[in-house]
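Since every read-out is calculated from the coordinates, none of them should be taken as a lab result. Just so it is clear, the model here is predicted, and its values are computed rather than measured. Quick reminder, even Gly has a Cβ in these numbers, built from the backbone with ideal geometry, and neighbours come from all protein chains shown.
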Amino acid sequence: MGYFNLGRFSFSYNLKFWLIYGACFSSSVYVEGDIETRVYNDSINGDIKSIPEICVRRDGIDVNIHFNTQEQDMLILIFFTLFSLTYASPLNECPKCGTTEVPYPLSTSRDCGKPDYKLNCNNGTLEFVSAGNFSYRVLSINPNASRLVIQPPFIVQNTCLSSDLGLNGFRIDDNSPFNISKSNTVMLFNCSENILLSPLNCSSTSPCRDFEARAQQGIGCRNTLCCSYLKDSAMTSRRIRIRVGGCSAYTSVVDFKPEISVDAWPYGIELQWLPPN
């Protein structure tokens, strides 16, 4: 026997309260039906009395539990609270963008998700916006791994220039919870010979050679110096840099496998995000 206090409700509790409240962790407790009032004659003085009761099943055994008026009010309050918690959205997820789910903590407005994990929903298309204010379409999201894949910029037809060349490529803001994952094989095209001083694969076996030779977007980059590398796994990896006088175009493949044909490569830039505080 003990004492329970919640606002204006204060009463003693015993086993019946713990059964309803679910405090018997080793047991399965089920509530069946509504609170009903049982009317009976008192065996001592013959007075007509009424007692609210509810049927509770614990470990397969039905038990009728009786409540006084104050306890009944408390029980209704508890049930209403538990029902609200059950059906409320605990993480304030954003609505779909077109057909794409937007899992928490990703955010498409101030009213949902976490603002630091901002994406744009542009006419039903989910987009990631870089530090240079360039929009990249979101291709897929894996909330369990805290990762998403965005579409690389297109290479302008009949040229070897990426569409984000004017912004020196892809860059994530330094304060963003996003960074570039280690699953990306980046290919650079139309590079100057200065890049040969970098620790990149610029040999004839680089996958960028296959892209130039077989991919439709690579036609304009044929016979240029190209290189490839596996993106750094550091959590501060926040950019893929191109520039005039360096390399002027790029693409990226997630989880590259050399045995797969160029047309079937999973093109994309995979980003990962840190969990919210």
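At 7 Å along Cα-to-Cβ for each site, give me the label-to-label distance between residue 232 and residue 197 in nm.
My value for the distance between the label points is 1.7 nm.
Going by how many other Cβ atoms sit within 10 Å of their own, how do 197, 230 line up, fewest first?
Lowest count first: 197, 230.
Note down, for the stretch 94-273, the three equivalent ellipsoid semi-axes (square root of 5 times each alpha carbon gyration tensor eigenvalue), biggest first, whole angstrom.
Result for the stretch 94-273: semi-axes of 29, 16, 15 Å.
Given contacts defined as C-alpha pairs under 8 Å and at least six residues apart, what's the relative contact order of the stretch 122-277, whole-number percent?
RCO, the stretch 122-277: 33 percent.
Multiply the residue separation of residue 133 and residue 111 by 0.36 nm, subtract the distance between their alpha-carbon atoms, and state the gained length in nm to one decimal.
5.7 nm
Could you work out how far apart the two model spin labels at residue 182 and residue 151 are, taking each label as a point 7 Å from the Cα in the direction of the beta carbon, and quote it in nm?
3.0
Could you list, in their original order, any pairs among 96/231; 182/257; 231/257 whose Cα atoms are separated by more than 20 Å?
Over 20 Å apart, Cα to Cα: 96/231.
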